[in-house]
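The values are calculated or read from the model by the stated rules, or taken from the named source; none is laboratory data. Computed from a predicted structure; not experimentally measured. As a convention, Cβ positions derive from the backbone with ideal geometry for all residues, glycine included, and neighbour counts pool all protein chains shown.
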Amino acid sequence: MNAKYLTAKCLTTRYLTVIVAALILSTTATADEQGVAWNSLSAEQQQVLNRFADSWDSLPAERQQRLSLGADRWSGMTPGQREKAQMRFMRWRELPDDRRRHIRDRWEDFRNLPPDERRRIRENFERYRDLSPEQQQRLRDRYQNMTPEQRQQLRDRYRHMTPEQRQRMRDRMNHDRPRSNDRRD
């Protein structure tokens, strides 16, 4: 077998892996009661989802919807994005079942939050990602060293702050945060 054949076979396997990951992590999927007819999928979606062709009609409508959306997302990814998605899925598969269950539960909790709360959490996560690895570690260490009561007090206090108070608190906490041109990718 030549390298091109092996690469193509590996990519096919990776397609399926990403589709399953999209199933798990999909943020926008909502099923309609009829589901998605196989013949209504684009040729590209059918190619990505080919593994499900024989059993498509027996899949729950919600799963059909998530798979079709995942296939769309996969098709729109660059090779680099696909590779990153595959790596994330490989890490996901290596997690113990109880850890995956915990993550799914937390994800469901997040999805049930009001839109403003979800937006606030996403913004905080973006700010966290902009921190240097050392700053992230200091923040994790600081949080880990808190008692459960202190953690809850911090969450409660933050939840009741005005946007201006939150910004002042972030400014105080991140006084050594890198400027935008010093941020890492």
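Brief remarks on what is shown
- A single entry from 141, 54 fulfils the requirement of being among the acidic types (Asp, Glu), at pLDDT 90 or above and either within 14 Å of the chain's Cα centre (by Cα) or farther than 29 Å from residue 154 by Cβ (or both): 54.
- Pairs, first under 17 Å from residue 171 (Cα atoms) in segment 127-154, second assigned to a helix (DSSP H, G or I) and basic (Lys, Arg), C-beta under 8 Å, six or more apart: 127/170
- Per-region count, segment 86-98, residues over 14 Å from the mean Cα position of the chain (by Cα) and either of a type in the set (Asp, Glu) or surrounded by 13 or more Cβ atoms within 10 Å (Cβ to Cβ) (or both): 3
- Put simply, of 83, 164, 123, 117 the only residue that is surrounded by fewer than 10 Cβ atoms within 10 Å (Cβ to Cβ) and either touching a residue at least 40 places away in the same chain (Cβ under 8 Å) or acidic (Asp, Glu) (or both) is 164.
- Residue check, residue 77 outside any helix (DSSP H, G or I) and either outside the structural domain of residue 163 (by TED's automatic domain parsing) or touching a Lys or Arg at 6+ places or on another chain (Cβ under 9 Å) (or both): yes
- Filter pass, residue 82 being outside the structural domain of residue 158 (by TED's automatic domain parsing), among the basic types (Lys, Arg) and farther than 25 Å from residue 49 by Cα: no
- Lone unmet requirement of (1) over 23 Å from the mean Cα position of the chain (by Cα); (2) loosely packed, with under 12 Cβ neighbours inside 10 Å for residue 108: (1)
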